[in-house]
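Taking it in order: structure first as structure tokens, then the write-up.
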Amino acid sequence: MMKKRLGIDIDGTVTCPSTFIPYLNKSFQKNLTLNDITQYDLAPLYDTTEEEMDRWMEKYEAMIYERAPLAEHALEVINGWKNKYELFYISARGKHLYELTERWFQTNGVHYHHIELVGSHDKIEAVKTHHISAFFEDKYDNACDIAEQCKIPVILFDTPYNQGPLPKQVIRVKNWIEAKWHIEQLL
């Protein structure tokens, strides 16, 4: 029997959703907390332009990704699934960050069967190609789109930046312990 395949976003899902905030605060002389990040588009919150935010990301993303802390309970839940499910990480990170990303998984002891960096927030094709049974996400529109277009359950990790009405296949959770409980009920 083939194992079911879980699709898992990396940033803000496996990693702590506040990872970027201290670096952004330092660069843009702000003192924001995760509770202040009420939208996915960070430029207005940091009083800058999209172009400037893109340049900032290009300059700092690799260093921040290397140091990204794990979300609470992510390691024990994910590694507890390594023999039960196939763990496929599907991230918006650019392909040029693959080696760094794989090294982060190895350094942090996070089990994986496959890592795919799609280079954009559109993960639908990857979800379909890899026959994902359930997906884990922190970006609101991604969660809704994946659930509706791929007809699979999506676990959305609750953050101030991903609020809004949810289709019935999207389940909002506070942490990995809740996510585990829901997956065990669904699959």
Next on the checklist: Test of understanding: in a Gaussian network model of the chain with alpha carbons linked when under 10 Å, which of I171, I21, I155 would top the mean-square fluctuation ranking?
Outcome noted: I21
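Taking every eigenvalue of the Cα gyration tensor of the chain, multiplying by 5 and rooting it, what semi-axes result, largest first, whole Å?
In descending order, the three semi-axes are 27, 18, 16 Å.
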Checklist entry - What's the angle, to the nearest 10 degrees (0 to 90), between helix 50-67's Cα axis and the longest principal axis of the chain? => result 60 degrees
Checklist entry - When the convex hull of the C-alpha atoms of the stretch 36-142 is computed, what volume per residue in Å³ does it have? => result 125 Å³
Item to check | Computed label-point distance, nm, for sites D158 and M2 using a 7 Å Cα→Cβ extension | outcome: 3.5 nm
Checklist entry - Taking amide H positions as placed 1.01 Å from N in the peptide plane, with prolines and chain starts having none, which residues 5 or more places from H114, or on another chain, fall under 5 Å of its amide H? => result L87, Y89
Checklist entry - What is the Cα radius of gyration of the stretch 21-67 over 2.2 N^0.38 Å, N being its residue count? => result 1.09
Item to check | Peptide ranges 156-164, 137-145 listed from the most packed, as the mean C-beta count within 10 angstrom indicates | outcome: 137-145, 156-164
Next on the checklist: I want to check the label-to-label distance for S27 and K151. Put each point 7 Å from Cα in the C-beta direction and report it in nm to one decimal.
Outcome noted: 4.2 nm
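Which percentage, to the nearest 5, of the DSSP beta bridges contained in the chain is antiparallel?
5 percent
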Checklist outcome for this item: the chain, Gaussian network, Cα under 10 Å: of P167, P17, P153, the residue fluctuating most is P167
Checklist outcome for this item: Among A74, W176, Y85, the residue whose Cα sits farthest towards the positive end of the charge dipole of the stretch 70-187, when +1 is placed on the Cβ of each Lys and Arg and -1 on the Cβ of each Asp and Glu, is Y85
Item to check | Model label zone, K174; criterion: amide N under 15 Å from point 7 Å along Cα-to-beta-carbon; scope the stretch 66-100 | outcome: 72-73
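Every number in this text was worked out from the coordinates using simple rules, so none of it is lab data. All values reported here derive from a predicted model rather than from experimental measurement. Heads up, the Cβs are rebuilt from the backbone with ideal geometry, glycines too, and the neighbour counts pull from every protein chain shown.
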